[in-house]
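Below you'll find the structure, written out as structure tokens, and then a few comments.
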Amino acid sequence: MSFPLERPRRLRATERLRAMVRETTVSPANLIYPLFVTPGEGVKREIASLPGCYHLSVDEAAKEAEAVERLGIGGIILFGLPSAKDPVGSEGYDDQGVVQQAVRAIRRATKELLVFTDVCLCEYTSHGHCGVIEKGEVQNDPTLGLLAKMAVSHAKAGAHCVAPSDMMDGRVGAIREALDEAGFASLPILSYAAKYASAFYGPFREAADSAPQFGDRRGYQMDPANVREAMLEVRLDAEEGADMLMVKPALPYLDVIRAVAESADRPVAAYNVSGEYAMVKAAAAKGWVDEDRMMREILTSIRRAGADVILTYHAKDFARKAD
Ligand code: PBG
């Protein structure tokens with residue numbers, strides 16, 4: 001049966017009809033909004049590379065979290081800018097660190113908003129790498145204990161879920177064991193399982209002041225050309241105890257999201273990263289694209305690819321206009 005009997009346009013005639021047969025939806029409840037916490041008080045400084053996003057002191061982060069909760073957004077993920085960096089990233093696992101303080105303040109200020117924390121050393125190390133350095137190289141196993149310590153200190157502060165983004169081998173297992181021993185057996189882990197060495201992190205590294213001071217991250221983050229390797233990463237993280245699995249970035253890796261969604265028996269998250277957001281903002285500022293429609297199309301495509309959850313800097317803009 002084909003034309004003139006088949007006329008797919010019939011179901012495109014009105015918005016009511018289109019909405020009724022729409023296959024993919026995005027709700028604010030699916031979204032996680034990243035926040036960057038900085039030392040001080042009363043600080044709210046727009047991040048040049050991420051227009052509409054701010055460096056926030058703990059008090060301002062708590063206010064922002066309230067606003068995010070009111071918008072119906074599922075959760076936030078916290079990144080920290082420490083007051084001082086050192087070779088082992090000490091402030092990252094200090095109970096008085098800026099993220100730990102922010103978690104406590106945000107938990108007091110909100111009711112149900114889910115508080116995720118990014119677990120990684122790169123914002124806290126003087127060399128900007130995601131692990132400790134010996135002999136000029138990022139060392140895997142000596143890094144695991146520090147990541148586990150960081151996760152436990154986030155848990156003690158009241159985080160609902162920890163999200164390791166460092167890409168060291170074995171870190172999910174190390175974190176799971178440390179959380180269980182510290183009495184946090186019920187605290188879930190969202191692992192950045194398939195995280196690629198991507199140029200799309202550029203604006204974030206400016207925002208988090210986390211660019212590596214020498215070399216690059218290709219010795220631990222994944223090669224953009226690989227998808228079979230993503231399957232391995234995802235399987236290992238799941239076996240080590242990851243409750244949710246993330247693919248990052250999102251847009252250039254929709255095929256990877258699809259493959260992970262089809263093979264994994266856990267929820268899949270995708271990180272619509274800083275460079276993806278900055279491209280939209282920059283083109284919109286030039287008047288070249290319709291920002292709102294582009295944002296919707298992007299978030300819909302990430303969901304259509306198979307992501308349950310999306311981490312995105314667009315979350316507030318999306319939620320504001322959701323209804
Ligand atoms: C830390 C981390 C990065 C991002 C999230 N966690 C940067 C990196 O790996 O260099 C990137 C997020 C973004 O670009 O929005 N390891």
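Scanning segment 267-292 for residues that are open to solvent by 50 Å² or more (accessible area, probe 1.4 Å) and within 17 Å of the chain's Cα centre (by Cα) returns a single hit, 267. Of 46, 41, 23, 6, all but one fail to be acidic (Asp, Glu), open to solvent by 30 Å² or more (accessible area, probe 1.4 Å) and outside any loop (DSSP other than H, G, I, E, B); the exception is 46.
Summed over segment 198-232, the residues that are outside any helix (DSSP H, G or I) and either over 16 Å from the mean Cα position of the chain (by Cα) or over 17 Å from residue 121 (Cβ atoms) (or both) give a count of 18.
Using the structure shown, decide if residue 295 is open to solvent by less than 50 Å² (accessible area, probe 1.4 Å) and outside any helix (DSSP H, G or I). No; evaluated as a whole, the condition is false for this residue.
Among the criteria (1) part of a helix (DSSP H, G or I); (2) over 14 Å from the mean Cα position of the chain (by Cα); (3) crowded, with 18+ Cβ neighbours inside 10 Å; (4) not polar (S, T, N, Q), the one residue 184 does not fulfil is (1). Summed over segment 273-287, the residues that are among the hydrophobic types (A, V, I, L, M, F, W, C) and near the ligand (Cβ under 8 Å from one of its atoms) give a count of 1. Residues that are surrounded by 15 or more Cβ atoms within 10 Å (Cβ to Cβ) and without any contact (Cβ under 8 Å) to a residue 60 or more places away in the chain were ranked within segment 206-226; the one that is nearest to residue 136 (Cα to Cα) is 221. Could you count how many residues in segment 249-266 are without any contact (Cβ under 8 Å) to a residue 60 or more places away in the chain, open to solvent by less than 60 Å² (accessible area, probe 1.4 Å) and out of contact with any Asp or Glu (no Cβ under 9 Å at 6 or more places or on another chain)? Result for segment 249-266: 5.
Would a scan of segment 82-99 turn up a residue that is in a strand (DSSP E or B), closer than 15 Å to residue 155 by Cα and modelled with pLDDT of 95 or more? No, segment 82-99 contains no residue that is in a strand (DSSP E or B), closer than 15 Å to residue 155 by Cα and modelled with pLDDT of 95 or more. Per the conditions (1) open to solvent by less than 10 Å² (accessible area, probe 1.4 Å); (2) within 16 Å of the ligand (Cβ to nearest atom); (3) closer than 19 Å to residue 162 by Cα; (4) not small (Gly, Ala, Ser), the sole criterion not satisfied by residue 129 is (3). What pairs come up if the first residue lies in segment 159-173 and is within 13 Å of the ligand (Cβ to nearest atom), the second is among the acidic types (Asp, Glu), and their beta carbons are under 7 Å apart, counting only those six or more places apart or on different chains? Partner pairs satisfying both residue conditions: 163/118; 165/118.
Take the conditions (1) without any contact (Cβ under 8 Å) to a residue 40 or more places away in the chain; (2) closer than 28 Å to residue 268 by Cα; (3) crowded, with 22+ Cβ neighbours inside 10 Å; residue 54 misses just one of them, which is (3).
The rows are residues; the columns are (1) touching a Lys or Arg at 6+ places or on another chain (Cβ under 9 Å); (2) among the acidic types (Asp, Glu); (3) within 16 Å of the ligand (Cβ to nearest atom).
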{"position": "175", "(1), (2), (3)": "no, no, yes"}
{"position": "186", "(1), (2), (3)": "no, no, no"}
{"position": "212", "(1), (2), (3)": "yes, no, yes"}
{"position": "227", "(1), (2), (3)": "no, no, no"}
{"position": "243", "(1), (2), (3)": "yes, yes, no"}
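Would you say residue 152 is over 15 Å from residue 78 (Cβ atoms), touching a His at 6+ places or on another chain (Cβ under 6 Å) and open to solvent by 10 Å² or more (accessible area, probe 1.4 Å)? It is false that residue 152 is over 15 Å from residue 78 (Cβ atoms), touching a His at 6+ places or on another chain (Cβ under 6 Å) and open to solvent by 10 Å² or more (accessible area, probe 1.4 Å).
The values are calculated or read from the model by the stated rules, or taken from the named source; none is laboratory data. Because the structure is predicted, anything quoted here is derived from the model rather than measured. No Cβ is skipped: glycine too gets one built from the backbone with ideal geometry, and neighbour counts run over all protein chains shown. Protein only, heavy atoms only, side chains kept; ligands, DNA and RNA dropped before computing areas. Shrake-Rupley method; radii C 1.70, N 1.55, O 1.52, S 1.80 Å.
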